[in-house]
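Q: Supplied in structure tokens, the structure appears directly below.
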Amino acid sequence: MTGTRKTKSPNQRPGFPRDRADARAGLQETGARGGCAQGVRGGCAQDVHGVHGGCAQGVAGGCAQGVPCAAQAVLAGARKTGAKIPVLCLIGPTGSGKTGLAAAIAGEWLKTRPGMVPEREPGQEPEREPGREPEREPGPALDGCVIINADSRQVYRDFPIITAQPGIAETGLCPHRMYGFLETSEKFSAGAFIRMAQEAILEATAQNRLPVLVGGTGLYLKTLFGGIAPIPAIPQAVADFWHGRLKDEGPEALHSHLSEIDKDYAAQIHPRDSQRIVRALSVWQSTGETFSWWHSRPLPESPYAPITLGIDLPMSELEIRLRGRILEMLEQGAVLEAEKAFERCPNPDAPGWSGIGCAELFAHIKGRLTLDECVGQWFKNTRAYAKRQKTWFRKDPKDALWLRPGQKDEAIAWLNARLSADPFPFRPLF
RNA sequence: GGUGGGGUUCCCGAGUGGCCAAAGGGAACAGACUGUAAAUCUGUCGUCGGACGACUUCGGUGGUUCAAAUCCACCCCCCACCA
């Protein structure tokens, strides 16, 4: 994975110059629609419109006409027939090799179809292999994949090395979406993620490519597939107000305040869980409804059928990888990357700086930590994060196949079998 | 060699007669998770037992005391300053 990175700047990706602009357009657009109470899950008219609009801006390159409508049709068709849109998810703790596995899967298509280029011209039919006619009702043969980021940190433009974004070796294999498009000063969120991811998934599906979500942010995946209460965007002033009160009064006082407003939710969270307390109070104040009320509303059924492939390994082995990865990042210029990011955004409280490694390097370039101390904390925090991810993934996807790093062939065989079987009537992939 | 300070449970560190298995922090282990999620937060954390409890622990040995991590003696080690 990181070992194969050849560049520090994924900005210059030969095959896919429109990735960032695309993603940014999507975010801005969805941000503007943030207040759409229904828009989140793809269950309403605005949402389809959103997909359309996003494509019109972003996908200008290869498929200006076809895709938006096709994406819309994919969603509409899926709703009408009840068929689910297959989405491959690669999950696992940080440093387990998700990016590498995704690249291996993407590369498999290129291997079996040497003439295929990652970005197909519109209207061009994928080559069919004569010897591999399907036995079953012939579904479409998938024509490669699109890799979609499901990691809350790899969205930041200023930190390609530190957040282990795929490098040119990976991005040359197939289109990559939602990587490195956001400024350090800008916020990302589960809501923004699912809007953009939905767009990317539908676009890929319309192009007859398999959407492959790669990332370790469990909440994002859960939200995408399980839905989220359609709470409107909270005005910054409201959030600031409650953060101010949190600072003055402390979390316990706000928690008892919350108990008076929303007893049920207050009982669910700990009196010191400041982030959730502030969120619940902000939602209540800006919408006039309690957090519990929002949560109690039924969620539309998901149009997706996630196929989940996890990578896991014992902590003792993961530690070795994590340590090595940090050293690799330093060799690739992580310190310089942080210095540059600091020039662009000197505010350590900016959302982008909160990533593991970023915060520690910030302290180092400000002279508060020696490089050794910085690396020590960086490793410690990375390890703790990996543990949290393992805890999350232990219970969340119940039907995932779990492999160890390097079991590429097993992964591909399994994927082939899954997609060729009900309820995914695709031809064998590779 | 002299003077002063110090050795506490995995680590840092508080405790200077009973309320001490020993504050607090870190690490570790387990867990929660509905728009900051690489975030936010929780539980356990000497050993054994279900809780009440029993047992072992505060550099070592010996002593004083009903009672010691805490007081005394000697010994070992560390740090600072003086020589």
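Read-outs throughout are calculated quantities, based only on the coordinates presented, and are distinct from any laboratory measurement. In this text the structure is predicted, and so the values were computed from the model without any measurement. Quick reminder, even Gly has a Cβ in these numbers, built from the backbone with ideal geometry, and neighbours come from all protein chains shown.
Q: May I ask you to derive the FRET efficiency for A:D273 and A:L110 from their Cβ-Cβ distance with R0 = 56 Å, giving the value to the nearest 0.05?
A: 0.75
Q: Cα gyration tensor of segment A:292-345, axes a ≥ b ≥ c as square roots of the eigenvalues: rounded (a/c below 1.5), prolate (a/b > b/c) or oblate?
A: On the way: a/c = 3.15, a/b = 1.62, b/c = 1.95.
Oblate, since a/c reaches 1.5 and b/c is not below a/b.
Q: Let me ask you something else. Say each of A:A305 and A:W293 gets a label point 7 Å from the Cα, pointing the same way as Cα to Cβ; how far apart are those two points in nm?
A: So the label points at A:A305 and A:W293 sit 3.9 nm apart.
Q: I've got another one for you. Is the shape of segment A:151-231 rounded, prolate or oblate, going by the alpha carbon gyration tensor and its root eigenvalues a ≥ b ≥ c, with a/c under 1.5 for rounded and a/b larger than b/c for prolate?
A: Oblate, since a/c reaches 1.5 and b/c is not below a/b.
Q: Now, a different point. Quote the relative contact order of segment A:302-430 in percent (integer), defining contacts as alpha-carbon pairs under 8 Å separated by 6+ residues. Write down the numbers at each step before the final one.
A: On the way: 78 pairs, mean separation 43.4, N = 129.
This gives 34 percent for segment A:302-430.
Q: Can you tell me which lysines have their Cα less than 27 Å from the Cα of A:K247? Leave out same-chain residues fewer than eight positions away.
A: Within the straight-line cut-off, A:K247 pairs with A:K187, A:K263, A:K366.
Q: Same structure again: Would you mind classifying segment A:253-408 by shape? Square roots of the alpha carbon gyration tensor eigenvalues, ordered a ≥ b ≥ c; an a/c under 1.5 is rounded, otherwise it is prolate if a/b is larger than b/c and oblate if not.
A: Because a/c hits 1.5 or more and a/b fails to exceed b/c, segment A:253-408 counts as oblate.
Q: Then there is this: A 22 angstrom limit on the alpha carbon distance is what I want to check against. Which of A:K380/A:K408; A:K222/A:K390; A:K98/A:K398 exceed it? Kindly include the intermediate steps, with their values, before the conclusion.
A: Numbers: A:K380/A:K408 29 Å; A:K222/A:K390 15 Å; A:K98/A:K398 19 Å.
Exceeds cut-off: A:K380/A:K408.
Q: Looking only at segment A:68-110, which residues have a backbone nitrogen under 19 Å from a spot 7 Å from the Cα of A:W402 in the C-beta direction?
A: Inside the label zone: A:89-99, A:101.
Q: Provide the FRET efficiency to the nearest 0.05 for the A:K366-A:A73 pair, computing r from the beta carbons and using R0 = 51 Å.
A: Efficiency, rounded to the nearest 0.05: 0.45.
Q: Mind ranking A:92-100, A:338-346 by how tightly packed they are, going by the mean number of other C-beta atoms within 10 angstrom, highest first?
A: For the peptides A:92-100, A:338-346, the packing ranking is A:92-100, A:338-346.
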